[in-house]
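Heads up, the thing below is written out as structure tokens.
The values are calculated or read from the model by the stated rules, or taken from the named source; none is laboratory data. Everything numeric in this text was worked out from a predicted model, so none of it was measured. Here the Cβ positions follow ideal geometry from the backbone for every residue, glycine too, while neighbour counts run over all protein chains shown. Calculation scope for accessible area: heavy atoms of the full protein, side chains included, ligands and nucleic acids excluded. Shrake-Rupley method; radii C 1.70, N 1.55, O 1.52, S 1.80 Å.
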Amino acid sequence: NAKYSGIRASECSNVNITANQIFYSRECALFVENPDIQAGFPYQGIVLSGNIIYDAGEGIKLNNPDIKAVRASIIGNTIQNVSTKTFPEWKTNDKNPSNLYTRITNACGIICTSDASITGNTIEDCSIAGLVVDLRGTWNPATQSNRDQKTVVATVVSNTTRNCKFGIGYNDADVRGFAEIAENSILG
């Protein structure tokens, strides 16, 4: 029943997050990110495997890839019952009532915005999407340019989604992005 993440890896490299059971996370059960506030500390070599996630606002999320976030693998996780969650949050630490807003989760089983191999996951009962590949890389929409020239690649192979509003969603927000989406089972 974590308010935010069951497990969050921020600005980490060469990390295995394996064989955990995460229940009732209101935000995101397993969150890997590189906040853009410190460019140059990307996540690299992240492996998320064999985790069991039940009842979350988001299942697994690789977000804010920044420069050179590469070699992420999301393999063999079981994700079930992901739905939109809302909860109060403050913009500042002083908890001034004028800075209070409502956080609304994306209700997707897996969300990936960077280089990744996503294979063999079972995702069931998501109120939005089972799996979303939203390639962002280092595209800066304000300047219409890339901060580096690395190609962003995602492979989505042999996953199963069941009873989700959308099985697999793809958005190529980075002009250098490529994805292979193949041999997945989308049911219900």
Given [x] 1.19; [y] 1.61; [z] 1.00, the label whose value is Cα Rg over 2.2 N^0.38 Å derived from this model: [z]
Calculated FRET value between GLN144 and LEU187, using beta carbons and R₀ = 45 Å, to 0.05: 0.70
From most to least accessible, 1.4 Å probe, no ligand or DNA/RNA atoms counted, VAL70, VAL153 line up as VAL153, VAL70
Going through the cross-link list LYS3/LYS85; LYS61/LYS91; LYS85/LYS165, which pairs have a Cα-Cα distance over 19 Å in this structure? LYS61/LYS91
Exposure rank, largest accessible area first [PHE166, PHE23; 1.4 Å]: PHE166, PHE23
